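Trainee: Dumping the structure here so I can ask a few things about it.
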Amino acid sequence: MKTEEAAQRARTPAHIRAVGLSKSYVQRAPFSHKKFAIDALLDVQLEVSPATLTALVGESGSGKSTLARCLAMLEKPDCGEIWFEGKEISRSGSWELAWLRPKIQMIHQDSAGALNPRFTAAQVIAEPLEIQRRESGPKLRSRVCELMEEVGLPANWADRRPLELSGGQRQRLAIARAIALKPAFLILDESLSGLDLSTQAQILNLLLDLQKAHSLTYLLISHDLSLVEQVADFVAVMHQGRMVEHGAGQDIFGSPRHAHTRELLGSVRLVESAFRAAQAGGQQ
Ligand SMILES: Nc1ncnc2c1ncn2[C@@H]1O[C@H](COP(=O)(O)OP(=O)(O)OP(=O)(O)O)[C@@H](O)[C@H]1O
Ligand SMILES: [Mg+2]
């Protein structure tokens, strides 16, 4: 997305907005009973515009997954606000959560761990529809087939269990389950990591097609900055629990302002050039 187009999108009301989010955890020191607090999020601000892809990057332990869990209402922040579709949701009660849960979905890296291994593919996809009482009987079966087709899984695999699928196929299954309730906002927490490059590209294309077809808003957490550079409309950079930089992808990659962003990009360029040099050496 071009910088002006990104600026235009940024002016539209945010789909989801975090204001001053903080969250700390108590951890135990190794080999001791002493406890100490870790600030996983410190006064984090983030705005994600509708139907855009924002990439959330930062070194390991910088707070990306904690922020994702807070936005998905899987954890409560200690303080701050989360606005979704114009409503403040961080202190939602069970009624509001029932309205919210289907709209915000999260897909993890390890779909094998996230999907019930005893369920068949059809049961995995049908479960949220049954819980929310959206469909039943033949309508439910045909919706499950429709979803399998949409993510590129053959309908005759409906009886396979998650562990009988490859990593890429399992990720397709996790995506079918996540979109079953027609969410508006999808959080992809390293959903492409651990897949080989060609499977990664296929799953990424599937996600981009789904985004276009359903006007989805994405928050993509990734350590792969080359991939982020290709697909992100906006990039948000975290460092030690703080949001240190947030802007259009072109601007962040073209002229990073924060020293930590420059450091992150520098290390990627270094790996890329070392890889190219190693490839050139191998070809001689
Ligand atoms: N449930 C928890 N209990 C205690 N500490 C936690 C918990 N979850 C996260 N933390 C701590 O909070 C900090 C941020 O963790 P988080 O998982 O959000 O980082 P991350 O940026 O997602 O890292 P990675 O890229 O490795 O996934 C880390 O120091 C982590 O140890
Ligand atoms: Mg994480």
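Trainee: Select from Ile131, Ser90, Leu115 the residue farthest towards the positive end of the dipole of the chain; place +1 on Cβ of Lys and Arg, -1 on Cβ of Asp and Glu, and compute about the Cα centre.
Mentor: Ile131
Trainee: Run down the aspartates and glutamates and flag those whose C-alpha is under 14 Å from the C-alpha of Lys212, throwing out any fewer than 8 positions away in its chain.
Mentor: Excluding near neighbours in sequence, the set is Glu150, Asp233.
Trainee: Here is a further query. What does the charge dipole of the chain about its Cα centre add up to, to the nearest 20 debye, if the Cβ of each Lys and Arg holds +1 and the Cβ of each Asp and Glu holds -1?
Mentor: On the way: 33 positive and 32 negative charges, 137 e Å.
The dipole magnitude comes to about 660 debye.
Trainee: Something else now. According to the square roots a ≥ b ≥ c of the eigenvalues of the Cα gyration tensor, what is the shape class of the stretch 1-154, taking rounded for a/c under 1.5, prolate for a/b larger than b/c otherwise, and oblate for the remainder?
Mentor: Since a/c reaches 1.5 but b/c is at least a/b, the shape of the stretch 1-154 is classed as oblate.
Trainee: Where a Cα-Cα gap under 13 Å defines reach, which aspartates and glutamates qualify for Lys87, not counting those fewer than 8 residues away within the same chain?
Mentor: Output for Lys87: Glu96.
Trainee: While we're here: Can you compute the helix-only [θ] at 222 nm over the chain? Use -39500 (n - 2.57) per DSSP H run of at least 4 residues, normalise by all residues, nearest 500 deg cm²/dmol.
Mentor: Helices in the chain give a 222 nm mean residue ellipticity of -13000 deg cm²/dmol.
Trainee: Using the count of nearby Cβ atoms within 10 Å as a rough guide to exposure, how do Leu192, Leu165 rank from fewest to most?
Mentor: Listing Leu192, Leu165 from fewest to most nearby Cβ atoms yields Leu165, Leu192.
Trainee: Among Ala29, Ala68, Ala121, whose mean-square fluctuation peaks in a Gaussian network model of the chain (Cα, cutoff 10 Å)?
Mentor: Result for the chain, Cα springs under 10 Å: Ala29 fluctuates most.
Every number in this text was worked out from the coordinates using simple rules, so none of it is lab data. All figures in this text were calculated on a predicted structure; none of them were measured in a lab. Heads up, the Cβs are rebuilt from the backbone with ideal geometry, glycines too, and the neighbour counts pull from every protein chain shown.
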